[in-house]
Amino acid sequence: MASRAVIPEHLRGGIQQKNGQQGERRNRRALGDIGNVVAVRGVGNGGTKLPEINRPLTRSFCAQLLANGEANAEKKKKQGQQLVDVNNVAGVRKAVVHEKVVEKNKTEVVVVNPEKTPIVLDNVERKQESRKKKSASLSSFLTARSKEACGLARKPEELVMNIDEGSVQDELAVVEYVEDIYKFYRLAEGESRVRDYMGLQPDINEKMRSILVDWLIEVHHKFELRQETLYLTVNIIDRFLSMKAIPRKELQLVGMASMLIACKYEEIWAPEVNDFVQISDKAYVREQVLAMEKAILGNLEWYLTVPTPYMFLTRYVKASVPGDSEMEKMVYFFAELGIMNYSTTIKYPPSLLAASSVYAARFTMSNTPSWTETLKHYTGYAEDQLRECARLLVSFHVGAPEHRLKAVYKKYSKPEAGMVALRPPARSLLASTV
């Protein structure tokens, strides 16, 4: 606690000369009130008695005032008026405020002050309602008129489903970030997208690539690997072949090493190198597989985190018919037909191939409508953007029973795959011209 200041005598004399006797009494009285200089309240420095201070606002008076205000408030409360008690900061003075709504956004406030004099304040607007509403701009008005003239405003409203609503409690679903993740995938798929590279390969062609992918689908199914592993394997093969020309005799070796890398990246229990050597009927030795693995990783600069069609398929299937396993199998059937074909993989980006697989599957399963606003929202593609690729996928389905490469067809003709490949192809999509 700070000590009291000691005022020197020569300074006190200076103050007396400057302010005079009246100023001295005023200062002494104030100091006496706070107990700074005078020890006894009401006694001056020279022992003279100071005039008493008149304090009309006593505690009893405040209590009486409060009681009168509460009694008055009870009477007015019966008349539909709202009672508001207002306390000052020091907690000494109290007032009663009666508020009555007279018209919209305007009130009549009656304040009972300590002197019992009512003060009426009319036309007091509420603070929250006093903010002016923003008026519509001319540009928004013209935009609305333009949409109405073009018929866009008369489009039937279709609610977009929130496909992440049921996954809020699932931490692995990362609902807070999933939209940003897929936006990033759409931006990143252009960087890892493979361009036409067959012109750079003097010893292999598109048919050889299809044979290789068909064999890898059988190996993938035999090892019971994850779906992600297959799509990443095909992506690694295409990216490596677009960078380096290889002889025909090493094409299968490239496929084996690519699947080995994908297994190490995606699988919990990855197959060993000797497993791939055995499944290739010992066409290559262990050292060759490891050397090719090293060459692939060196050319790709260890860049393996790429958006494959599978990443988009999981999202788009969820937006199509959640919980329909048969529909999901049909989508993956079309997607694998697409990645096995060179022209489809090169021509269309992974997101478009995945969305077209969903569109072709919905057509095949006779789901109506064939493309919903929910799918359009989450895929970012309109129906007319998918029709060309979807027709190509349906044509693969039509020719799958007679095609020489039947790994995908046999895989999805089994009961564990729902036998979706045996369903009649969507020939109506091939015949449609719109």
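Are any residues in the range 336-357 touching a residue at least 60 places away in the same chain (Cβ under 8 Å) and of a type in the set (A, V, I, L, M), and if so, which ones?
LEU337, ILE339, MET340, ILE346
Checking LYS294 against (1) under 27 Å from ALA354 (Cβ atoms); (2) without any contact (Cβ under 8 Å) to a residue 12 or more places away in the chain; (3) not acidic (Asp, Glu), which test does it fail?
(1)
Could you count how many residues in the range 380-426 are hydroxyl-bearing (Ser, Thr, Tyr) and either under 36 Å from the mean Cα position of the chain (by Cα) or part of a loop (DSSP other than H, G, I, E, B) (or both)?
3
Return the residues of the range 298-324 that are under 30 Å from HIS377 (Cα atoms), of a type in the set (A, V, I, L, M, F, W, C) and not in a loop (DSSP other than H, G, I, E, B); say none if nothing qualifies.
MET311, PHE312, LEU313, VAL317, ALA319
Looking only at the range 166-182, how many residues end up being more than 17 Å from PRO322 (Cβ to Cβ) and β-branched (Val, Ile, Thr)?
Total meeting the criteria: 2.
For the structure I just gave you, tell me whether SER135 is open to solvent by less than 90 Å² (accessible area, probe 1.4 Å), polar (S, T, N, Q), on the phi < 0 side of the Ramachandran plot and at pLDDT below 80.
no
Of the residues in the range 325-353, how many are part of a helix (DSSP H, G or I), over 24 Å from ILE211 (Cβ atoms) and of a type outside the set (Asp, Glu)?
7
Hey, among the residues in the range 218-231 that are open to solvent by 10 Å² or more (accessible area, probe 1.4 Å) and under 32 Å from the mean Cα position of the chain (by Cα), which one's nearest to VAL273 (Cα to Cα)?
LEU225
Would you pick out the residues in the range 365-391 that are surrounded by fewer than 21 Cβ atoms within 10 Å (Cβ to Cβ) and touching a residue at least 40 places away in the same chain (Cβ under 8 Å)?
Within the range 365-391, MET365, ASN367, THR372, GLU373, THR374, HIS377, GLY380, ARG387 meet the criteria.
Would you mind telling me which numbered condition in (1) under 24 Å from LEU232 (Cβ atoms); (2) at pLDDT below 90; (3) open to solvent by 80 Å² or more (accessible area, probe 1.4 Å) GLU206 fails?
(2)
Inside the range 298-309, can you point out the residues that are touching a Phe, Trp or Tyr at 6+ places or on another chain (Cβ under 7 Å) and either farther than 26 Å from VAL254 by Cα or open to solvent by 40 Å² or more (accessible area, probe 1.4 Å) (or both)?
Residue satisfying the conditions is ASN299 alone.
Select from the range 232-274 the residues that are assigned to a helix (DSSP H, G or I), among the charged types (D, E, K, R), open to solvent by 10 Å² or more (accessible area, probe 1.4 Å) and in contact (Cβ under 8 Å) with a residue 40 or more places away in the chain and list them in ascending order.
Residues satisfying the conditions are ARG239, ARG248, GLU250, GLU266.
So which residues in the range 275-297 are open to solvent by 50 Å² or more (accessible area, probe 1.4 Å) and either among the basic types (Lys, Arg) or part of a helix (DSSP H, G or I) (or both), if there are any at all?
ASP275, GLN278, LYS282, ARG286, GLU287, GLN288, LEU290, ALA291, LYS294
For the range 162-190, which residues satisfy the criterion of being in contact (Cβ under 8 Å) with a residue 12 or more places away in the chain and closer than 15 Å to SER351 by Cα?
TYR182, TYR185, ARG186, ALA188, GLU189, GLY190
Among the residues of the range 275-332, count how many are under 22 Å from LYS411 (Cα atoms) and of a type in the set (A, V, I, L, M).
7
The values are calculated or read from the model by the stated rules, or taken from the named source; none is laboratory data. Note that the structure is a prediction, hence the values are computed from the model and not measured. FYI the Cβ positions are ideal-geometry reconstructions off the backbone, even for glycines, and counts take in every protein chain you see. Each accessible area value is taken on the protein alone, full model and side chains, heavy atoms only, with ligands, DNA and RNA left out. Shrake-Rupley method; radii C 1.70, N 1.55, O 1.52, S 1.80 Å.
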